[in-house]
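What follows is a single structure, written as structure tokens, with notes after it.
The values are calculated or read from the model by the stated rules, or taken from the named source; none is laboratory data. Every value quoted in this text rests on a predicted model; they were computed, and no experiment measured them. Note that we place each Cβ from the backbone using ideal geometry, even for glycine, and neighbour counts take in every protein chain shown. Just the protein is used for accessible areas: all its heavy atoms, side chains included, with ligands, DNA and RNA removed. Shrake-Rupley method; radii C 1.70, N 1.55, O 1.52, S 1.80 Å.
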Amino acid sequence: MRRIIFAAFAALLALIQASLFPASGLIGMYPDFVLVFLLVWSAHHGVDEGLWMAFGLGLWLDVITMERLGTHVLTMLPVAVIGSLASWRLLRSGMMLPILAVVAATIASAFVDTILTTLGGQMPEPFAATRLAIATALLNAVIVPFAWGVTLVIDRWVPRHATT
């Protein structure tokens with residue numbers, strides 16, 4: 001039940017992120033809510049569940065953004081792996097580790113996206129891509145406490161299994 005609610009919530013976030021944010025024209029860049037929530041979910045539930053969510057959310061993002069199929073899937077895979085690394089008991093240190101993990105995951109995702117763009121025949125400007133990745137990583141770091149709180153609410157208040 002928790003997985004279904006999280007997946008529906010993340011799919012709604014992806015839809016808002018892909019449609020409303022770019023159309024609003026408020027700022028030229030915005031945080032990647034899907035990336036942050038995926039990282040937090042995989043930190044709470046492990047790499048297996050994180051990779052499945054990354055696959056599903058990546059396909060959903062590919063469909064709604066009309067990107068090449070598999071592009072977002074490949075950029076979300078390192079996010080799930082880094083998120084699962086943040087779940088190790090030895091590495092937990094309050095909110096600091098998830099924030100650093102989000103920064104690392106954002107940069108890793110941007111790196112994979114740059115590689116895919118280069119393999120697709122376009123040559124991105126490396127310094128511009130790096131600056132954008134760092135700025136997005138800092139924006140993503142700001143929303144980590146919100147994502148952590150929402151994930152805890154889903155984990156604690158939603159039953160594990162539906163009762164009949």
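Pairs only if they're at least six apart or on different chains, beta carbon under 6 angstrom, first in segment 50-70 and without any contact (Cβ under 8 Å) to a residue 24 or more places away in the chain, second surrounded by fewer than 16 Cβ atoms within 10 Å (Cβ to Cβ) and of a type outside the set (Phe, Trp, Tyr); list them, first residue then second.
Hits for this filter: Asp62/Leu69.
Going through segment 30-49 one residue at a time, which ones are open to solvent by less than 10 Å² (accessible area, probe 1.4 Å) and either without any contact (Cβ under 8 Å) to a residue 12 or more places away in the chain or of a type in the set (A, V, I, L, M, F, W, C) (or both)?
Val34, Leu35, Val36, Phe37, Leu38, Leu39, Val40, Trp41, Ala43, listed by residue number.
Name the residue, out of Ser42, Ser87, Ser24, that is touching a Gly at 6+ places or on another chain (Cβ under 9 Å) and modelled with pLDDT under 85.
Going through Ser42, Ser87, Ser24 in turn, just one is touching a Gly at 6+ places or on another chain (Cβ under 9 Å) and modelled with pLDDT under 85: Ser87.
Somewhere in segment 143-160, is a residue open to solvent by 70 Å² or more (accessible area, probe 1.4 Å), farther than 21 Å from Ala54 by Cβ, part of a loop (DSSP other than H, G, I, E, B) and modelled with pLDDT under 85?
yes
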